[in-house]
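*Asks:* This is the structure I have questions about; it appears just below.
The values are calculated or read from the model by the stated rules, or taken from the named source; none is laboratory data. Computed from a predicted model, the values in this text were never measured in an experiment. Backbone-built Cβ (ideal geometry, glycine too); neighbour counts: all protein chains shown.
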Amino acid sequence: MSDILISTMNDLPGYDVVEVHGEVFGLVVRARNAFSNIGASLRTVVGGEAKGYTSLLADSRNQAVDRLRDAAREHGANAILAMRFDCNEIAGMMSEVAAYGTAVTVHKR
């Protein structure tokens, strides 16, 4: 288990928020390779999952959450509340994934 608790809720059941450190984020931008682009293009014609992109985005989300935890630690927090993801495409060649939330210090009740 990580030293930084993450909740998509606005609170953390069983814990009291004792300090708010502010917004934190973890950001990842990855370029897609040509083979993934070709495979995805074929999938739009024949249907089915674009597994290369699925893997890329899953890895990017995991790395964004790791960076989010690092940012919370740097702020002296031990939890993140209201965590969300935001995903965008940049120039049709890169995928951006941001994980963000509010860094807080919590104590168990």
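*Asks:* Hey, could you check region 9-26 for residues that are over 17 Å from the mean Cα position of the chain (by Cα) and buried (at least 17 other Cβ atoms within 10 Å of the Cβ) and say which is farthest from Ala103 (Cα to Cα)?
*Replies:* Per the criteria, the residue is Tyr15.
*Asks:* What is the number of the single condition among (1) surrounded by fewer than 21 Cβ atoms within 10 Å (Cβ to Cβ); (2) touching a strand residue (DSSP E or B) at 6+ places or on another chain (Cβ under 6 Å) that Glu74 does not meet?
*Replies:* So Glu74 meets the others, but not (2).
*Asks:* Could you tell me whether Ala50 is among the hydrophobic types (A, V, I, L, M, F, W, C), within 28 Å of His107 (Cβ to Cβ) and modelled with pLDDT of 65 or more?
*Replies:* The answer is no for Ala50.
*Asks:* Within region 67-98, can you find the residues that are touching a Ser or Thr at 6+ places or on another chain (Cβ under 7 Å) and assigned to a helix (DSSP H, G or I)?
*Replies:* The one that is touching a Ser or Thr at 6+ places or on another chain (Cβ under 7 Å) and assigned to a helix (DSSP H, G or I): Arg69.
*Asks:* Does region 65-90 hold any residues that are farther than 13 Å from Ser7 by Cα, out of contact with any Leu (no Cβ under 9 Å at 6 or more places or on another chain) and without any contact (Cβ under 8 Å) to a residue 60 or more places away in the chain, and which are they?
*Replies:* Asp66, Asp70, Ala71, Glu74, His75, Gly76, Asp86, Asn88, Glu89
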